[in-house]
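To keep things clear, I will list the structure first and then write my remarks on it.
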Amino acid sequence: MNKHILYIFVLLLAVANLSAQVTDYEGSIESRKGAEPTKMAVEDFTISGSERPSVSDSIIMLRISEVIRADLNFSPFYEIVPLDTFYMRHMELEVMSLLGWSQLGARYVVRGECDFSGEDVSIRYEMHVAGTGMVFARGRLKSIKTNHRRLAHKIADDIIYYLTGDKGIFDTRVCFISKRTGNKEIYLCDYDGANIYQLTGNGSINLSPTFDSDNRKILFTSFMNDDPELFQYDVVTGKVDQVAAYPGINSAARVSPDDQSIVCALSRDGNAELYLLERSGRIKKRLTYTKSIESAPCWSPSGSEIAFSSDRTGSPQIYVMDLDGTNLRRITYNGNYNDSPDWHPKGDKIVFLSRVNGKFNICTIDITGNNFRVLTERGNNENPHWSPDGNHIIFSSTRTGTKEIFIMDLYGNEEKRLTTGGGNSNPAWAGYSR
């Protein structure tokens, strides 16, 4: 491999970890309080009919209820009311009533029944208005028993849709890089960290995975051929195809919302610049022309604009430009280190990493450059990406001593650790299926 190319690529990767040579922004975490959450209760699901369930089926029923509670409680807009056994004893209740739930503060109550047949499980659920007993929503789902967690996620998504009219994110998946085998390989898991499995196994260095707009292919940079080239992994077939192998760096690829184009950083002409590629990898247009390092591009939801990081003023800052490279404007001015932008699905703000009070933290800012907010405070935090609904953020953090993947809501609350073992980074959240 060309040593000069490797040096440039490693230098780019190291930029995000340089801390001693930049000036801090003396910021603080602003109020994390969002809207007052709606309180809900999810009862333990029961067996349909009078037949007594087996031990394994009883465990599945319990886990279904637990997953639905965890999903809804993670939403910034809902809060699970726990079962109060003292209240039940005081009111002499053998089974919790809807009126009892209402008195405990729950506005809605989810109840469900499971029917087991061979290797399958069928679930029927209803959501009641606690105060009146009215059935607000109901549904029925069926799958194999081993797929019960996904059924639970789908029920939680249905509940979110009934209440808000928006899709839930509980049945979505995320990918990330992990060194658990000794190499930096790509892994996939459920949004809550369950069902982790390895995708690549090339024994090389793989970086910056990102889903395409159909969530079927994951684009990533890999050294599997010695040089940093751009590849794509088909999640369904497991096939790996080379996308771009221009001289120098081929990195930081993001697919356009219409799935027709790729924006990425190439150093084929010297320093790293942003280019627009066809999905095949053929260059359509060079977007930037500077002597600085241009990196970390991301698309606006409309696909008409691109946000990116550039050190053209001496340190990394976030910029926005039109799709053709014109109408350039800088949106970050707080602090001397802002990088890794990701555009909110509704188009009104950007999440990014910023050096604040000596450490890298996850921050947000309006697309106008107003309302700079710091969301994290422990460890060094990097690689932020929005969830498809824009209500959650996935990122990597060293707060536990090793680099792990975390998720939190858009206010910086309800943080949840997804990985263990260290060496986990570069998370990306799959969007909604089209």
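Hey, which of these cross-link pairs are over 18 Å Cα-Cα: K359/K403; K217/K239; K179/K403; K179/K416; K184/K403?
Working: K359/K403 14 Å; K217/K239 9 Å; K179/K403 10 Å; K179/K416 20 Å; K184/K403 13 Å.
Beyond 18 Å between Cα atoms: K179/K416.
With the cut-off at 19 Å, report for region 260-350 the share of all Cα pairs above it, as a whole percent.
Details: 1411 of 4095 pairs.
Across region 260-350, Cα pairs with separations above 19 Å total 34 percent.
Along the principal axes of its C-alpha atoms, what lengths does the chain span, in descending order and rounded to whole Å?
76, 47, 39
So what's the back-of-envelope 222 nm ellipticity for the chain, counting only DSSP H runs of four-plus at -39500 (n - 2.57) apiece and dividing by all residues, rounded to 500? Kindly include the intermediate steps, with their values, before the conclusion.
Values: 5 runs with 62 residues, N = 434.
Helix contribution divided over all residues of the chain: -4500 deg cm²/dmol.
From the P(r) of region 151-245, could you give the percentage of C-alpha pairs in the tail past 24 Å?
Details: 1348 of 4465 pairs.
Of all Cα-Cα pairs in region 151-245, 30 percent lie more than 24 Å apart.
Once both axes come from the Cα atoms, what is the angle between helix 148-164 and the longest principal axis of the chain, in degrees from 0 to 90, rounded to 10?
90 degrees
Using a 1.4 angstrom probe and counting only protein chains, how large is the accessible area of Y162 in Å², to 10?
100 Å²
Using only Cα atoms, find the angle between the long axis of helix 3-15 and the longest principal axis of the chain, and express it within 0 to 90 degrees, rounded to the nearest 10.
With rounding to tens, the tilt is 50 degrees.
Which lysines have a Cα lying under 21 Å from the Cα of K142, excluding residues fewer than 8 positions away in the same chain?
K154, K167
Sorted by accessible area with a 1.4 angstrom probe, largest first, how do D192, D71, D324 fall? List each step's numbers first, then the result.
Details: D192 30, D71 0, D324 80 Å².
I get D324, D192, D71, largest accessible area first.
Can you give me the orientation-averaged projected area of the convex hull built on the Cα atoms of region 178-219, in nm²? List each step's numbers first, then the result.
On the way: hull surface 12.9 nm².
Here the figure is 3.2 nm², rounded to one decimal.
Given a 1.4 Å probe and the protein chains all in place, what does the accessible area of M91 round to, in Å² to the nearest 10?
Counting only protein heavy atoms, M91 exposes about 90 Å² to solvent.
By how many nm would the segment from L328 to D258 grow when fully extended, if each residue of separation counts as 0.36 nm and the alpha-carbon distance is taken off?
23.0 nm
The values are calculated or read from the model by the stated rules, or taken from the named source; none is laboratory data. Note that the structure is predicted; figures quoted are calculated from it, not measured. We work out accessible area using only protein heavy atoms, side chains counted, and drop any ligands, DNA or RNA first. Shrake-Rupley method; radii C 1.70, N 1.55, O 1.52, S 1.80 Å.
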